Amino acid sequence: MAEKKCCCCELNSEKLKRLDQIIEEHKTMEGALIPVLHEAQELFGYLPEQVQQKIATGLGCSLAEVFGVATFYSRFTLEPKGKYNIQVCLGTACYVKGADKVLEKLEQLLGIKAGQTTEDGKFSIQDTRCVGACGLAPVMVINDEVYGKMTPDMVEGILAKYN
Amino acid sequence: MGKVNITIDGVNIEAEDNLTVLEAAKQANIDIPTLCYLKKINKIGACRICLVEVKGARGLQAACSYPVSEGLVVRTNTKEIMDARRSTLELILSNHKKNCLSCSRNTDCELQALADRMGVGDVVYEGTAEDEIDDLSTSIVRDNSKCVLCRRCVAVCKNVQTVGAIDVAYRGMNSKITPAFNKSLGESNCINCGQCVAVCPVGALTIKYNIDRVWDAINNEEMHVVVQTAPAVRAALGEEFGLPMGEAVTGKMVAALRRMGFDKVFDTNTGADFTIMEEGTEFIERLKSGKNLPLITSCSPGWVKFAEHNFPELIPNLSSAKSPMSMYGALLKSYYAKKNNIDPSKIFVVAVMPCTAKKFECERPELSATGYPDIDAVITTVELAKMIKQSGIMFENLEDEMFDEPFGEASGAATIFGTSGGVMEAAIRTVTEVLENKSIDKIEYEEVRGNETIKEAELSIAGQKVKIAVVSGLGNARKLMELVRDGKVDYQFIEVMACPGGCIMGGGQPRKIVKEKAGIDVRGERRKALYNEDKRLPHRKSHQNPYVKQVYEEYLEKPGSEKAHHLLHTHYTER
């Protein structure tokens, strides 16, 4: 997997040092992997191979196991998020109201799939479970901005605001 | 341990209270079907094939992980249960590539056997599995479109071998077994031991075959094609032809190889005798100098790669002596070539091994001191059996034949190389005689035989105490090596074999799962075959092998000489 870098998540040595600390703090605790992955993701914005390798070595588990956990939970991402992270809720209410069509339109307009980031690092798409705004279904969230009662036709106009 | 009374299909039985329903049912002569379950290794109730009805429990339960308790009432064969199992199996089959006829596991597949037993009809569901073949490893081919996600391979790789090259990644329909970051096994920390292949119920993990390359070489008139066979092969090859276990099939194997068209049929055991001469000399030197102790054996290529990945600080402790296979290859392309006036570039050396990791060893660039690779192709016991069958040779009827003289003579010490403890015993037989400078009669070292995970002994050799340890299975090796690294133990000599039980249980050996399920002690039977052969041989110590003596006199000068080092020793790389 090619590593993409953006301004906010370069693997600088300071962050790597902080990762060592995080690992050290959790080392002796049972089930340390998930909390460490959470903190690492917070720190770097995503979980690149170098970070996962460090965690595996530090916690004494295999890289394959770390990768397995990191790919199991949708909260973890292996790619850096874009400047604008677009979450499309695929919870039950949103889904039955056509969130999949909204997602499809987004993917088509940005030329990336859910879980990916555009080449320029500007946009990333994430499909999420229920965001707790079912009354507004289907819902799309860009960073902290919530867009409710979405239709595929609305997508282009909304994206234009961020371009 | 207490007892509980339970009822299974109306049969009252008294069972030990630490059993599962699956285990207890055996006492009532009921064989509940299983797929993901593997005794002592994988008991996760994932596949839902072993469903049973437990009175009072909600829904059907997985027998492999349901514990017995006093008064438990179980049904295993109602229509509902059988329908549920069949539906589960059909769902598994729906996502399984069903090209059985061209699958290397055809007729030897646990999923196929289950489908037959349960009478599945046409699979009406259509799965989403896509072809995704990883054949970049030297030893193992992964085909996830056949994977049933039983996780046996993960359990063996992660828990038994502590390698962790593969694991389950992603979730739901996207779940798959993969090395980290979807890399190839060949790019991962896989050590090629093939224990995953040995437990895979289907054809998702298979040995990378070299059968065609070997047939091509045999049929190439210009090539002088020589075959050598490892000790563990003769202890298991007969299983593929329905011959009784516990007896080596050396003579029949030699006869078959000759009929297949090999120009010369030699014994890797001869190589093992050279390994003992070189490694024994190395041990005596290190014992005298006190440097780089403990000496750790390096014949097991799975272990060597594991050490290169995980214990780089112990690389100086590894014996620099090549494995018997590679030593023999180097001698074939130097001494043998010269003596018989054959151009070494025209010699093609095939090694028949119980081991998938030997295929990786074969590719190591450093193993080519003659200017040619020590070994040209490695095939496993399983591949040899297939080739014999392809040839139409009626193996079970063959008269015993002998290895080709004079290069095929080997000692009993070399034969037991194939089982955990054997290399140590062989080395001690020679080292003791050399150091004490007299013939020793007691040559069977019971301390290093048997099933224990770590075997140790304290010997007195020429007035000196020597502490030795023998370990097999990389999880056990890891524990021991951590102690060595941290200076918590003071052994002088350690034998390590990557596969639990040693080479006889290698990843290239005939399949053991079905036999073990039927109650056969596969490891014990194969071990017996080797120890019996050791007893029968005229020479039981490596240094007594007359041809070993001859080659040293004529060519190598003496063990540990400069020439011997050039040809018969190697080095290792931190990974």
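The values are calculated or read from the model by the stated rules, or taken from the named source; none is laboratory data. Owing to the predicted nature of the structure, the values given are computational and were not obtained by experimental measurement. Note: ideal-geometry Cβ built from the backbone for every residue, glycine included; neighbour counts use all protein chains shown. Side chains included, ligands, DNA and RNA excluded: accessible areas come from the protein's heavy atoms. Shrake-Rupley method; radii C 1.70, N 1.55, O 1.52, S 1.80 Å.
Mind jotting down a quarter of the surface of the convex hull over the alpha carbons of chain B, in square nanometres, one decimal?
Quarter of the Cα hull surface area: 27.7 nm².
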Summarise the accessible area of the protein assembly as shown (1.4 Å probe, protein heavy atoms) by the percent that is carbon and sulfur.
49
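Restricting to DSSP H runs of at least four residues, report the calculated mean residue ellipticity at 222 nm for chain B, -39500 (n - 2.57) per run over all residues, nearest 500 deg cm²/dmol.
-9000 deg cm²/dmol
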With a ≥ b ≥ c from the Cα gyration tensor eigenvalues, square-rooted, and the rule rounded for a/c under 1.5, otherwise prolate when a/b > b/c and oblate otherwise, the range B:1-50 is oblate
Measuring with a 1.4 Å probe in the full set of protein chains, what accessible area per residue, in whole Å², belongs to the protein assembly as shown?
43
Determine the total buried accessible area between chain A and chain B, counting protein heavy atoms only with a 1.4 Å probe; round to the nearest 100 Å².
1200
In percent, what relative contact order does chain B have, based on Cα pairs under 8 Å that are 6 or more apart in sequence?
15
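Quick check on chain A: helices-only [θ] at 222 nm, where DSSP H runs of length 4 and up contribute -39,500 (n - 2.57) each and the sum goes over total residues. Nearest 500, please. All intermediate terms of the calculation are to be shown ahead of the outcome.
Working: 7 runs with 75 residues, N = 163.
So the helix-based figure for chain A works out to -14000 deg cm²/dmol.
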Helix by helix through chain B, keep the DSSP H runs that span 18 Å or more along the axis on Cα and average at least -0.5 on Kyte-Doolittle, and give those back in order.
B:79-94, B:422-436
Using 7 Å Cα-to-Cβ label points, what is the residue B:440/residue B:41 separation (nm, one decimal)?
3.5
One point scatterer per Cα, no solvent, Debye formula: log10 I(q)/I(0) for the range B:1-125 at q = 0.13, 0.15, 0.22 Å⁻¹ comes out as -0.55, -0.71, -1.28
Using +1 on the beta carbon of Lys and Arg, -1 on that of Asp and Glu, and nothing else charged, what's the dipole of the range B:105-175 about the Cα centre, debye to 20?
440
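Over the range B:402-483, what is the mean sequence separation of C-alpha contacts under 8 Å (at least six apart), divided by residue count, expressed as relative contact order in percent?
21
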26 Å Cα-Cα threshold exceeded, pairs from A:113/B:98; B:40/B:455; B:252/B:358; B:208/B:339; B:3/B:515:
A:113/B:98; B:208/B:339; B:3/B:515
Expressed as cubic angstrom per residue, what is the convex hull volume of the alpha carbon set of the range B:65-212?
144
Quick one: grab the alpha carbon gyration tensor of the range B:185-247, order the square roots of its eigenvalues as a ≥ b ≥ c, and give me rounded if a/c is under 1.5, else prolate or oblate depending on whether a/b is larger than b/c.
oblate
For Cα pairs less than 8 Å apart in space and 6+ apart in sequence, what is the mean separation divided by the residue count of the range B:181-319, i.e. the relative contact order in percent?
22
Mind checking A:57-65 for the average number of partner chain beta-carbons within 10 Å of each residue's beta-carbon?
6
Going by a 1.4 Å probe on protein heavy atoms, which residues of the range B:177-211 end up with at least 20 Å² less accessible surface in the whole assembly than in their chain alone?
B:180, B:181, B:183
For the protein assembly as shown, what D do you get in µm² per second when you plug the Kirkwood radius from alpha-carbon pairs into Stokes-Einstein at 37 °C and 0.692 mPa s?
115
With the cut-off at 1.5 for a/c, could you classify the range B:283-391 from its C-alpha gyration tensor as rounded, prolate or oblate?
oblate
Under a point-charge model restricted to the Cβ atoms of Lys and Arg (+1) and Asp and Glu (-1), what is the dipole moment magnitude of the range B:180-275 relative to its Cα centre, in debye to the nearest 20?
160
If the reach is capped at under 20 angstrom between alpha carbons, list the lysines near residue A:17, excluding any in the same chain fewer than eight residues apart.
A:5, A:27, A:54
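Take every DSSP beta bridge whose two residues both sit in the protein assembly as shown, then give the antiparallel share in percent to the nearest 5. Could you put the intermediate results ahead of the total?
Details: 36 of 66 bridges.
Here the antiparallel bridges make up roughly 55 percent for the protein assembly as shown.
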Antiparallel DSSP beta bridges within the range B:212-568, percent to nearest 5:
25
Just grab the label-to-label distance for residue B:451 and residue A:151, each label 7 Å out from Cα along the Cβ direction, in nm (one decimal).
7.2
Label zone at residue B:338, where the point sits 7 Å out along the Cα-to-Cβ direction: the range B:369-410 residues whose backbone N lies under 14 Å:
B:370-371
